[in-house]
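A short worksheet on the structure shown next.
Computed from the coordinates by the stated procedures, all read-outs in this text should not be read as laboratory data. Since the model is a prediction, treat every value here as computed from it, not as a measurement. Cβ placement follows ideal geometry from the backbone for every residue including glycine, while neighbour counts extend to all protein chains displayed.
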Amino acid sequence: MRYSNEEMENALAEINRNQKPVLAFIASLIGAVPAMGMYFFFAQMGGVLYLMLALPPAFVGLFARFVGRTYKAKHRISVGIVGALVHVAGCLLLQFNPLIYLLAPVAFFIAMSVAKIKLKHIHGLAIIQANLGKLSAEK
């Protein structure tokens, strides 16, 4: 489907107006509380599947997604840092093998990728056109 420049400029202005990076960071800090609670739950279980270690950073990212509504990677870096710190703190709490700490970059990318909003087709096209310089982002 082909969109007019005006439709794409409106779509770009809409997603730029809706994104709030500071609120995404604050929401990730708030999401870190129940994520740490998940680590306490894992500690009570006695054993943890390593796949379960992806849940707390995803929880942090979900909080940031619904509050911050960011799509740019530079706005989601702080969310990824909070997700990685939650992972390291949880590994300290559970007294895991030090090799598990090496999964902190994975936790970073899980939190960062979950925090990205799902874009509609017109929004994706508008972002591409703006990056190419064919659209003006101010409206």
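Over the Cα atoms of the range 28-99, each weighted equally, I'd like the Debye log10 I(q)/I(0) at q = 0.12 Å⁻¹, rounded to two decimals.
-0.31
Based on Cβ point charges of +1 for Lys and Arg and -1 for Asp and Glu, what charge dipole magnitude is obtained for the chain about its Cα centre, in debye rounded to the nearest 20?
Charge dipole of the chain: 180 debye, to the nearest 20.
Among 22, 106, rank each residue by its count of other Cβ atoms within 10 Å, from fewest to most, as a rough exposure measure.
So the residues, fewest neighbours to most, are 22, 106.
At residue 48 and residue 100, where each label point lies 7 Å from the Cα along Cα→Cβ, what is the point-to-point distance in nanometres?
Once both label points are built, they end up 0.4 nm from each other.
Expressed in nm to one decimal, what extension gain is obtained for the pair residue 88 and residue 73 from 0.36 nm per residue of sequence separation less their Cα-Cα distance?
Taking residue 88 through residue 73 to full extension adds about 3.2 nm, to one decimal.
What share of all Cα pairs of the range 98-139, in percent, falls into each consecutive 10 Å distance bin?
Going from the shortest bin to the longest, the percentages are 24, 28, 24, 16, 7, 0.
Mind checking the full-extension length gain between residue 41 and residue 134? Use 0.36 nm per residue of separation minus the Cα-Cα distance, one decimal, nm.
28.4 nm
With n ≥ 4 as the cut-off for DSSP H runs, can you work out [θ] at 222 nm for the chain, using -39500 (n - 2.57) per run divided by the number of residues, rounded to the nearest 500?
When only DSSP H runs of four or more count, the value is -23500 deg cm²/dmol.
Measure off 7 Å from each Cα along the Cα-to-Cβ vector at residue 109 and residue 5, then give the distance between these two points in nanometres to one decimal.
It is 3.8 nm.
What is the helix-to-structure angle for 21-45, meaning the angle in degrees between its Cα long axis and the longest Cα principal axis of the chain, kept from 0 to 90 and rounded to the nearest 10?
30 degrees
Can you work out D for the range 1-53 in µm² s⁻¹ from Stokes-Einstein, where Rh is the Kirkwood radius over C-alpha pairs, the temperature is 25 °C and the viscosity is 0.890 mPa s?
It comes out at roughly 166 µm²/s.
Could you please tell me the mean projected area of the C-alpha convex hull for the chain, averaged over all directions and given in square nanometres to one decimal?
9.2 nm²
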